[in-house]
Every structure is written in C-alpha cells, then in structure tokens.
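Report on the following structure.
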Amino acid sequence: MKIRLAYTLPLLLSLLASTAAQAVEYSQLLADKSSLGFSYRQMNVPMDGSFKRFKAQLAFDPAQPAKASAAFEIEVASIDVGSAEGNSEVSGKLWFNTATHPTARFVSSGIKALGNNRFEVAGKLTIKGKTLDVSTPVSFKADGANGVFEGAFTIKRADYAIGEGMWADFGTVANDVQIKFRLLAAAKK
Amino acid sequence: MSSSRPGSYTRTAIRLHWLLALGLSATLALGFYMSDLPFSPAKLQYYSWHKWAGITLLLLAVFRLGWRLTHPAPAAPAGMPAWQHAASEWTHRLLYLLMLAIPLSGWLMSSAKGVPTVYFGVLPLPDLLERNVELGKQLGQLHGALNFGLLGLVALHAAAALKHYVIDRDEVLGRMLPFLNKA
C-alpha cells in the first residue's frame, strides 16, 4: 500500500502540473487580427457588413469555461455596410442613432462547454440602449500562442429598433441579421 | 443592291423593336430618377427593379441580335445617298452595341459595388467582378455616359425615321409601323 502511494503520488503531482501548464487564459484581444461582421438580406440580396473598431476584456481558459468571461465594446459608428451612402444612413436616428448610442455592448453571463472545443456563451447584448439576452455557439482552437474563437448567431433587428419608421417593414431589409465573429486573443503574460 | 433582302421586317423583328424601345425608355427613366433619390426603402426597391429590368433587356437584346443576324433587314429605298446608307448602318450597329453594353456595364457596376443581383429576388446571378469600390464608381460613370450616348443615338434614329416619313415620303418608317404603309 505504501509502495503504491509512493509511486502514485509523484504521478498525480506530475499530472496536476501538466494540467496547470496546459491551462492558458486568453485575455488580450488582438483587434487587428479579429473581425466582427454581420450579414443580412436586402431585397433578398445577401449583403455583408462589419464593425471596424471594438474592444474586449477577456478571461477565457478553455479548460475552465465556467470561470471564463467576455465583455465587448463596439464603436457603432465604425460600421461599414459597403457604401458611403449606406454608412451615413445607418448611423442616423432611424438605424443605430450613433450620436445618442455610440457604443454597443456584449457582456457574458455564463459559459458552458459543449465538448469538442465548442462552447455556449450566454450574455446580454446592448444595442441602441436596449439590452436583451442572447447566446451563441463559440468554437475554440489554439493557433500557436494565440486562441481563435469563432461563432455566429442571429438577432432580429426589430428587437433593438434598428431601422425604424420607413425601415420598420421587412420587405426591403429583412429582420434577421446574422452576427459573425472571429476573434484572435493572446494569452496573459 | 442585295436582291436577297426582303421587302419588310418580320413580325418578330417589329415586336422586338418596340418591346426594347419601351423597355429601354422605362428602365432608363427609372435609372435617372432613382439615382437622385434620398436613401430610402423605395430607392432600394427601385434599384432592384431596375436591375431585374436591365437583365431582362440584356436577354432580349441578345435574342434580338441573333434574330437580326439571321433575318436581314429590308433594303433601303432606291436612290438613297451613300452617306445615308453609311450613317444608317453605323447608327444601327452602335444601337445594338449599346443595347448589350448598357445592361452589361450595370451588371459589372453592381458586382464591383458589392451588391449582387438576385433576378426577381429569386435567382442569384454570378458577380462578374471582385468587389472594388473605386472601380464601381468608374463603372457607374460609364453606365451613365453610355445611356447619354443611347439617348443621342435614339434621337438621331427617330429624327431620321421622321425625315423619311415627312420629307422623303418613302415607306421606311412604315416598315416598323406597318399601319402607316397600309393607308
């Protein structure tokens, strides 16, 4: 019995140590290598857009998803829908009203592992002053010293009053908007 | 003179002529109108309708060119001066060229601007170019310039037809408007 323990203890310790070594907490968003885009349908034509500037506070150790958290701040005026005319339109009152609501936010409230390096991230999404619960699947993979987080989820633009008045009808611009993200984050040093 | 030429246009040629005349006028008018509108859902709808119409006109123009190449136009009236022959020949060649080039330039512009065409909101058409905003602007200017060219040529074409009817009093205009020659 004693002999067994003598053999087992170092093994256990080394196992623990190796787990600790693998546990990497990704915490620094590499904004210039990350993208935050969206797609929607306009007259049934698939259209793409993106937000050019956003910040994040991350603490994500794939080995400990329950302790992980993510908070994003998106500069709404950095939107690009593909044309100068479109960009100035969507910054206006009927769309994002960036003068009054310059920032959109996502704050995670719970992250659970789905297995196979996939996670379900729930949180609160605030756009144009309205906060709603959303959740999105996120896949993780290590890319050298960095972590790559990818996912997509769909929101209804009407839920956030994005496109009011003459735009409220979905005949021209559809209600469904898919948010797509690919985030590169470095580990804490 | 080429004796193989028929005395009149086929009924199909006449129908294609007027169908394209009507379609091009309406689509061109919508194009000039919509481009000056403030951004609105209506504007986006008009752009889609304009693109659907443009693709339809492109298909019709291709069919019409094929028809014209296989069904020669009737011979010009005897005694028409050579310069008028040449002018007529080249006006018609340019009109056919523009009927193809105008919708094609619009399609290229749409592709370059990153707004694909979904024909009647159902059939996605392939993008002819990679997205390139600057090229899109230039193609937009070309699309507009070609349309002014079309307006000029159509004015010349109509003036020549009226000249044949009013001054020469021959049957050239009646070949496209058969009721005139019946009288």
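The values are calculated or read from the model by the stated rules, or taken from the named source; none is laboratory data. Treat the numbers as computed from the prediction; the structure is a model and nothing was measured. With ideal geometry, Cβ positions are generated from the backbone for all residues, glycine too; neighbour counts draw on all protein chains shown.
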Query raised in the report: Just one of the numbered conditions (1) modelled with pLDDT of 95 or more; (2) surrounded by fewer than 16 Cβ atoms within 10 Å (Cβ to Cβ); (3) more than 17 Å from B:Gly31 (Cβ to Cβ) is not true of B:Lys182; which one?
Result: (1)
Query raised in the report: Looking at the stretch A:35-52, which of its residues are touching a Leu at 6+ places or on another chain (Cβ under 9 Å) and surrounded by fewer than 15 Cβ atoms within 10 Å (Cβ to Cβ)?
Result: A:Lys52
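Restricting to the stretch B:30-45, and then to whatever is among the small types (Gly, Ala, Ser) and within 12 Å of chain A (Cβ to nearest Cβ), can you tell me which residue is farthest from A:Gly163 (Cα to Cα)?
Our first condition is that a residue be among the small types (Gly, Ala, Ser); within the stretch B:30-45, this holds for B:31, B:35, B:40, B:42.
Retained after the next criterion (residues that are within 12 Å of chain A (Cβ to nearest Cβ)): B:35, B:40, B:42.
On the way: B:Ser35: 22, B:Ser40: 11, B:Ala42: 14 Å.
Among those residues, the one meeting the criterion is B:Ser35.
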Report task. Given the conditions (1) more than 24 Å from A:Glu89 (Cβ to Cβ); (2) more than 19 Å from the chain's Cα centre (by Cα); (3) not in a helix (DSSP H, G or I), report the number of the one that B:Pro38 does not fulfil. Result -> (1)
Requested in this report: May I ask you to say which residue of B:Ala101, B:Ala75 is surrounded by 13 or more Cβ atoms within 10 Å (Cβ to Cβ), away from every other protein chain (no Cβ under 14 Å) and at pLDDT 95 or above?
Outcome: B:Ala101
Query raised in the report: Filter the stretch B:108-160 for residues that are within 26 Å of B:Ala21 (Cβ to Cβ) and either touching a Cys at 6+ places or on another chain (Cβ under 7 Å) or polar (S, T, N, Q) (or both); which is nearest to the other protein chains (Cβ to nearest Cβ)?
Result: B:Thr117
Query raised in the report: Which pairs have Cβ atoms under 6 Å, sit 6 or more apart or on different chains, and link a residue in the stretch B:3-29 that is at pLDDT below 95 to one that is surrounded by 17 or more Cβ atoms within 10 Å (Cβ to Cβ)?
Result: B:Ser8/B:Arg175; B:Tyr9/B:Arg175
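Quick one: how many residues across the stretch A:174-189 are in a strand (DSSP E or B) and in contact with a helix residue (DSSP H, G or I) (Cβ under 6 Å, 6 or more places away or on another chain)? Don't jump to the end; show me each part of the working.
Of all residues in the stretch A:174-189, those in a strand (DSSP E or B) come to A:176-187.
So of that shortlist, the ones also in contact with a helix residue (DSSP H, G or I) (Cβ under 6 Å, 6 or more places away or on another chain) come out as A:177, A:184.
Of the residues in that region, 2 qualify.
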Query raised in the report: Could you list, in sequence order, the residues of the stretch A:95-133 that are surrounded by 14 or more Cβ atoms within 10 Å (Cβ to Cβ) and of a type in the set (Gly, Ala, Ser)?
Result: A:Ala104, A:Ser108, A:Ala113, A:Gly123
Query raised in the report: In the stretch B:21-57, which residues are over 14 Å from B:Asn147 (Cβ atoms), surrounded by 14 or more Cβ atoms within 10 Å (Cβ to Cβ) and not small (Gly, Ala, Ser)?
Result: B:Phe39, B:Pro41, B:Lys43, B:Leu44, B:Gln45, B:Tyr46, B:Tyr47, B:Trp49, B:Lys51, B:Trp52, B:Ile55, B:Thr56
Requested in this report: Could you grab the pairs with beta carbons closer than 7 Å, sequence gap of 6+ or different chains, first residue in the stretch B:144-159 and closer than 22 Å to B:Ser110 by Cβ, second one of a type in the set (Gly, Ala, Ser)?
Outcome: B:Leu146/B:Ala101; B:Leu146/B:Ser105; B:Asn147/B:Gly31
Requested in this report: From (1) in contact (Cβ under 8 Å) with a residue 24 or more places away in the chain; (2) more than 21 Å from A:Ala99 (Cα to Cα); (3) surrounded by 14 or more Cβ atoms within 10 Å (Cβ to Cβ), pick out the condition that doesn't hold for A:Lys141.
Outcome: (3)
